[in-house]
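One structure is given here, and the rest of the page talks about it.
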Amino acid sequence: MSSKVLLEINNLSKIFADAENRVIALNNISLTVNEGEIYGIVGMSGAGKSTLIRCINRLDTPNEGSILYRNQNILDMNRQTLLQTRRKIGMIFQQFNLFMQRTIAHNIRYPLEIAGVDRKTADQRVKELLEIVGLEDKADAYPIQLSGGQRQRVGIARALASKPDLLLCDEATSALDPMTTQSILALLQDINRRLGITILLITHEMAVIRQICNRVAILDGGRVVEEGEVDEVFLNTQSEAGKRLFGVLPERASEDPDVPSLRIVFDGTAAEEPIISRLAVETGVYVNILSANMNHLQGKTYGQMIIEQPASLDEKHAVISYLTQQGLTVREVNKQ
Amino acid sequence: MSWDQLWPLVLDGLWDTLYMTIPSTILSYLIGMPLGLLLVVTAKSGIRPLPKLNAVLGVIINFLRSIPFIILLAMLFPVTRAVMGRAIGTQAVIFPLVISAFPYVARMVEGSILEVDRGVIEAAQSLGSTDLQLILKVLIPEALPSLLNGAAIVTVTILGYTAMASAAGGGGLGAIAITKGLNLRKLDVMYVAAIALVILVQIITISGNHITKKMDHRKR
């Protein structure tokens, strides 16, 4: 992967203010997105992620800071340059936002129309795009006749029509069911790999981040509280928001078990094997599983498991050392 | 009055009614449609906010809309004479009809355009649309069913106004019903003219609905 910087956000702040209220939506945000990567911004609702992504193509105007796209500050651009730049930055939306009075082919064709692409070239390009998103047979249908997943595919095709370098995804899978979410994420990953398009996505779902992102920023209260490689951030989550999002901490303390126990964190590095059965065989200690929240993604295991602490200290140490050897993080949990 | 006498009278009135209604509707849209778009575009939440212009437009439109047509007709006599060459008659009455209807059209168009989903507008902006492209290729096409529905309502309203045009010497079915029917105590003439108007309104409304439905792709 090339590590050339495509997008650089510096000290971005956005304040929504009226006579009575002052809400700091973005608080001094800085981050960089490299060419060719899939960068995820995750946060709870109200964290400011939607405002952030909308600032990038200036659908929203920040109060302070700069957004450098290929070293040009988007916030300083005149209207003409901004319009040209927007054509190089595609965007897809949670609610798809298709033109309801246009057929699928004409939705996808819109960016080509406004760029003045000739009819023959445009026809050809629309055909290619319909193939990329797998909707060749829907060219003459209207959006209302399509399912949510199909509509998002049209949104993606429309965003790709002008051959952008960067695709912004504003909660693109949040209105879709889990199955459809998977197929859209696979499509985004495919686009990233095959067409080399950099993707910046925002989501409130950690699974989306873990599944397709290379790097992640965790947004909380308008600030970036953590940033880095997805595996790295997951393994060493420091922030409260990160712990909540990754499911490393129970959301409420009352969910902690009443008995002394061990929390095992699976960060995707451990081999996929029946670890607890092996534990019993290898150490001769039989452990009691109190709770588990596991995800298997791309052949990796993520999540956490809480097991009861063995009564004897020796057994406890044997368990901890075995699990640690397997590449897992183990912490003792004792309810206060 | 026999049918042989009634028939030419009604046909004549129908012609005059259409002669006033159709050009008035078209001219009202030529003025009112850009104004309606301007109202949406320059609004505080519009794509090019111009609050002062928007406020001035709003005041003018509300002012014109609040004067009843029959009074506007009389107030405009001198202007009508200057513009149309004469103040009364079927042709002259088109001028006050347009003056009365264009602010109404502007509000109807504004309402239709405002129905376009905000997200769709943002999508078009994110794709690099100029304001003009946004208006011509997104706002108007997306609002088309609603605009057509509004056009049918405007046409019927203007048709209703033409009946009052008899007060300014205009012809048409409305004028026949009043001057040749009611005033001369020929109730059959009045009823036949009125029924002809009802049928005309039905035709406009039904075909308006039909076209609107056909143009609306938001339903399966």
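The values are calculated or read from the model by the stated rules, or taken from the named source; none is laboratory data. Every value quoted in this text rests on a predicted model; they were computed, and no experiment measured them. So basically every Cβ, Gly included, is an ideal-geometry build from the backbone, and we count neighbours across all protein chains shown. The area values use the complete protein model at the heavy-atom level, side chains included, leaving out ligands, DNA and RNA. Shrake-Rupley method; radii C 1.70, N 1.55, O 1.52, S 1.80 Å.
Summary table
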{"read-out": "Choice from B:Arg81, B:Arg65, B:Arg118 showing the highest fluctuation, given a GNM over chain B with Cα pairs closer than 10 Å", "value": "B:Arg118"}
{"read-out": "Accessible surface, 1.4 Å probe, highest first, among residues A:Val265, B:Val156", "value": "B:Val156, A:Val265"}
{"read-out": "Separation of the B:Ser2 and A:Asn21 label points, Cα + 7 Å toward Cβ, nm", "value": "7.9 nm"}
{"read-out": "Simple spin-label estimate for A:Lys4 and A:Asp76 in nanometres, 7 Å along Cα-Cβ", "value": "2.1 nm"}
{"read-out": "Two-decimal Rg to Rh for the stretch A:5-241 - Kirkwood Rh, Cα set", "value": "0.97"}
{"read-out": "Simple label model, 7 Å out from Cα along Cβ direction - A:Asp258 to B:Glu115, nm", "value": "6.1 nm"}
{"read-out": "Buried on assembly, the stretch B:128-147 (at least 10 Å² less accessible surface than by itself, 1.4 Å probe)", "value": "B:Gly128, B:Ser129, B:Thr130, B:Asp131, B:Gln133, B:Lys137, B:Val138, B:Pro141, B:Glu142"}
{"read-out": "Residue-span extension gain [A:Ser277 to A:Ala115] - 0.36 nm each, minus C-alpha spacing", "value": "52.2 nm"}
{"read-out": "Chain B: mean projected area of Cα convex hull, nm²", "value": "14.2 nm²"}
{"read-out": "Entries in B:Lys44/B:Lys137; A:Lys49/A:Lys316; A:Lys120/B:Lys137; A:Lys49/A:Lys163 that, when Cα-Cα distance is taken, lie over 31 Å", "value": "A:Lys49/A:Lys316"}
{"read-out": "Two-decimal Rg/Rh across the stretch B:68-189, once Rg and the Kirkwood Rh are taken from alpha-carbon atoms", "value": "1.18"}
{"read-out": "Spherically averaged projected area of the protein assembly as shown from its Cα convex hull (nm²)", "value": "36.1 nm²"}
{"read-out": "Pairwise centroid distance, computed over Cα atoms, of the stretch B:126-148 with the stretch A:185-201, Å", "value": "30 Å"}
{"read-out": "Exercise: per-residue mean of other protein chain Cβ atoms within 10 Å, B:116-125", "value": "6"}
{"read-out": "Among A:Ser183, A:Ser239, A:Ser312, residue whose mean-square fluctuation peaks in a GNM of chain A (springs only between Cα atoms under 10 Å)", "value": "A:Ser312"}
{"read-out": "10 Å Cβ neighbours from other chains, averaged over peptide A:85-91", "value": "3"}
{"read-out": "Percent of beta bridges antiparallel (DSSP, the protein assembly as shown, rounded to nearest 5)", "value": "70 percent"}
{"read-out": "FRET E, pair A:Ala175, B:Ile153, Förster distance 30 Å, beta-carbon r, rounded to 0.05", "value": "0.30"}
{"read-out": "Sites excluded, trypsin sites (Lys or Arg not before Pro) in DSSP loops with at most 10 other C-beta within 10 Å, longest stretch of chain A", "value": "A:5-251"}
{"read-out": "Length released on extending from A:Ala141 to A:Asn28, taking residue separation times 0.36 nm less the Cα-Cα span", "value": "36.2 nm"}
{"read-out": "Assigned charges on the beta-carbon of Lys, Arg, Asp, Glu; the stretch B:21-170 dipole about Cα centre (debye)", "value": "440 debye"}
{"read-out": "Charged-residue dipole, Cβ positions (Lys, Arg, Asp, Glu), the stretch A:36-103 about Cα centre, Debye nearest 20", "value": "320 debye"}
{"read-out": "Paramagnetic reach from B:Ile70 in the stretch B:155-175 [backbone N under 19 Å; point 7 Å along Cα→Cβ]", "value": "B:157-175"}
{"read-out": "FRET efficiency for B:Arg218 and A:Ser239, using Cβ-Cβ distance with R0 set to 41 Å, rounded to 0.05", "value": "0.40"}
{"read-out": "Cα gyration tensor, the stretch B:125-220 - rounded (a/c under 1.5), prolate or oblate", "value": "oblate"}
{"read-out": "Cβ neighbours within 10 Å from other chains - mean over B:42-54", "value": "0"}
